[in-house]
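What follows is a short report on a single structure.
The values are calculated or read from the model by the stated rules, or taken from the named source; none is laboratory data. It should be emphasised that the depicted structure is a prediction, and the values quoted were computed from it without experimental measurement. Neighbour counts are summed over all protein chains in view; Cβ atoms, including those assigned to glycine, are modelled from backbone coordinates with ideal geometry. All accessible areas refer to the heavy atoms of the entire protein, side chains included, with ligands and DNA or RNA removed. Shrake-Rupley method; radii C 1.70, N 1.55, O 1.52, S 1.80 Å.
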Amino acid sequence: MNVTAERPAVRQKARTKVLLRTPSDLRATSTAPLTATLNCVLADVIALHFKTRNFYWHMSGPHFGEYRLMLDEQQHQLDAVIGVLAERVRKLGGNTLRSIGHVARTQRIFDNDADCVEPSEMLCELCEDNKAVASRLREAHALCKAHRDIASASLIQVWLDEAERRNWFLFESGRRADTAGR
């Protein structure tokens, strides 16, 4: 059975363009850079979420159970950020990411498509990616503050704290026993 044959044909119709711009008291000169920046952060969070899930699925080794529990918690946390962040973009009057391709074109977190990654490398890579997300959240926070977007800035503060916590746990979990305490 050919799966693609069952998909409905996509028809191009003449459509009336519907404007999705949500009214806001923020100026259009503010909402455009805010939504662009938040969409970039959203793409990074989606990429980090999928990479965390990938590493969760492919974890192995003597710390298998504890690493999987940690990564499971982290990917659920990232999943929660995705929905709220996308809704924030819409509340500001912007359009959010629409497809996997859109995410791929926007993300700044690199994918890892390797067949096998050592657990210590997984933790190190996720640690670096969470640091990068934290840095981008700080940049987004500064922009939100400059444009008086208090609601986004407030959410970003929480997400920044969560990114720093993920980074901390990954760093400590990935340290070798002989370097602990240094």
For the Cα atoms of the chain, what angle does the longest principal axis make with the long axis of helix 119-146, in degrees from 0 to 90, nearest 10? 40 degrees
Quick one: how many Å² of Lys145 are accessible to a 1.4 Å probe, rounded to 10? 150 Å²
Considering Cα pairs under 8 angstrom that are at least six residues apart, work out the relative contact order of the chain and quote it in whole percent. 28 percent
HN-Hα couplings for the stretch 155-162 via Karplus (6.51, -1.76, 1.60; θ = phi - 60°), in whole Hz with x for Gly/Pro, come out as 4, 4, 4, 5, 5, 5, 4, 5
Can you sort Arg53, Arg88, Arg98 by 1.4 Å-probe accessible area, starting with the largest? Arg98, Arg53, Arg88
Where does helix 64-91 land angle-wise versus the long Cα axis of the chain, in degrees 0 to 90, nearest 10? 20 degrees
DSSP-assigned coil residues among GluC sites (Glu not before Pro) in the stretch 120-182, each with at most 15 further Cβ atoms within 10 Å: none
If you fit an axis through the alpha-carbon atoms of helix 28-57 and take the longest principal axis of the Cα set of the chain, what angle between them do you get, 0 to 90°, nearest 10? 40 degrees
Using a basic spin-label model with each label point 7 Å from the Cα along Cα→Cβ, how many nm lie between Ile150 and Asn95? 3.2 nm
With 0.36 nm assigned to each residue of separation and the Cα-Cα distance removed, Arg176 to His102 gains 22.8 nm
With percent of Cα pairs over 27 Å apart in mind, check [x] 31; [y] 18; [z] 39 and report the label derived from this structure. [z]
